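Below is one structure; the comments refer to it alone.
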Amino acid sequence: DTGVSQDPRHKITKRGQNVTFRCDPISEHNRLYWYRQTLGQGPEFLTYFQNEAQLEKSRLLSDRFSAERPKGSFSTLEIQRTEQGDSAMYLCASSLDRGIGPQHFGDGTRLSIL
Amino acid sequence: RKEVEQDPGPFNVPEGATVAFNCTYSNSASQSFFWYRQDCRKEPKLLMSVYSSGNEDGRFTAQLNRASQYISLLIRDSKLSDSATYLCVVNIGYGQNFVFGPGTRLSVLP
């Protein structure tokens with residue numbers, strides 16, 4: 001399978017714990033995006049990388065959230081001191097670095113905070 | 001005003017019907033537009049890009065109206081398998097974030 005893959009698919013954790021998600025984009029895609037989606041809403045942009053550079057971060061991304069893409073391939077999204085409001089689907093997408101092309105999404109990581 | 005707005009629906013239509021959705025955007029500098037489809041508890045998947053001249057892909061037609069700042073999606077001869085949420089996506093510039101609408105839910109009934 002050469003699509004975008006995310007791990008884990010589901011994460012259940014207690015409030016206050018730290019969690020980390022991984023995204024492996026399509027191999028030739030330079031751009032990588034993280035989104036958060038809650039029930040009944042469209043995905044909300046969190047951050048975006050071009051290769052290893054994090055070029056944009058949403059105001060939604062509090063200081064508890066950090067994302068990395070150290071070698072320009074896979075990316076991680078960490079949430080520290082999780083809160084109930086962090087419960088959501090976290091989606092990763094990637095696209096080619098040519099113009100403004102469509103994004104290809106992974107299956108997402110569903111986070112549930114107890 | 002939200003950046004991208006859609007009627008959340010649901011739109012309940014019988015098989016074979018024609019249904020149309022609109023999506024309005026607030027930023028006149030928006031450059032790229034897409035329709036994505038999302039099935040329940042699944043990831044969004046690209047349905048089609050929206051070009052200035054309008055474009056068609058089988059039963060699906062997308063149009064862009066820059067003057068009124070909206071895009072539309074028309075589905076002809078609806079199938080049961082078309083039941084999903086349709087997300088409008090707008091990109092306001094090169095490399096910037098993509099803004100998704102809340103989605104319009106479509107249910108095609110037998």
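Cysteine residues of chain B whose Cβ has no partner cysteine Cβ closer than 4.7 Å: B:Cys40. Here the accessible area is traced with a 1.4 Å probe on the protein chains. For the range A:1-99, carbon and sulfur cover 43 percent of it. Counting only protein heavy atoms and a probe of 1.4 Å, the accessible surface of chain B is 47% carbon and sulfur. When accessible surface is computed with a 1.4 Å probe, chains A and B are found to bury approximately 1800 Å² between them, both chains counted. Straight-line cross-link partners of B:Lys79 among the aspartates and glutamates, defined as a Cα under 18 Å from its Cα and at least 8 positions apart when in the same chain: B:Glu15, B:Asp39, B:Glu56, B:Asp57. With a Förster radius of 35 Å applied to the C-beta separation of B:Arg1 and B:Arg41, the computed FRET efficiency comes to 0.70. In the complete set of protein chains, residue-level accessible area for A:Lys14 is approximately 140 Å², probe 1.4 angstrom.
Checking buried surface per residue: for the range A:43-59, which residues lose a minimum of 10 Å² accessible area in the protein assembly relative to the chain alone (1.4 Å probe)? Buried on complex formation: A:Pro43, A:Phe45, A:Tyr48, A:Glu56. Taking all protein chains into account, the per residue accessible area for chain B stands at 49 Å² (1.4 Å probe). The range A:11-49 to the range B:57-110: how many Å between their Cα centroids? For the range A:11-49 versus the range B:57-110, the Cα centre distance is 23 Å.
Spread over its residues, the convex hull of the C-alpha atoms of the protein assembly as shown is 130 Å³ per residue. Measuring from label point to label point, each 7 Å out along Cα→Cβ, what is the A:Leu96 to B:Glu56 span in nm? Output for this residue pair reads 2.6 nm.
Solvent exposure of the range A:1-63, expressed per residue, is 60 Å² of accessible area, with all protein chains present and a 1.4 angstrom probe.
The values are calculated or read from the model by the stated rules, or taken from the named source; none is laboratory data. In this text the structure is predicted, and so the values were computed from the model without any measurement. As a convention, Cβ positions derive from the backbone with ideal geometry for all residues, glycine included, and neighbour counts pool all protein chains shown. Accessible surface areas use protein heavy atoms only, side chains included; no ligands, DNA or RNA. Shrake-Rupley method; radii C 1.70, N 1.55, O 1.52, S 1.80 Å.
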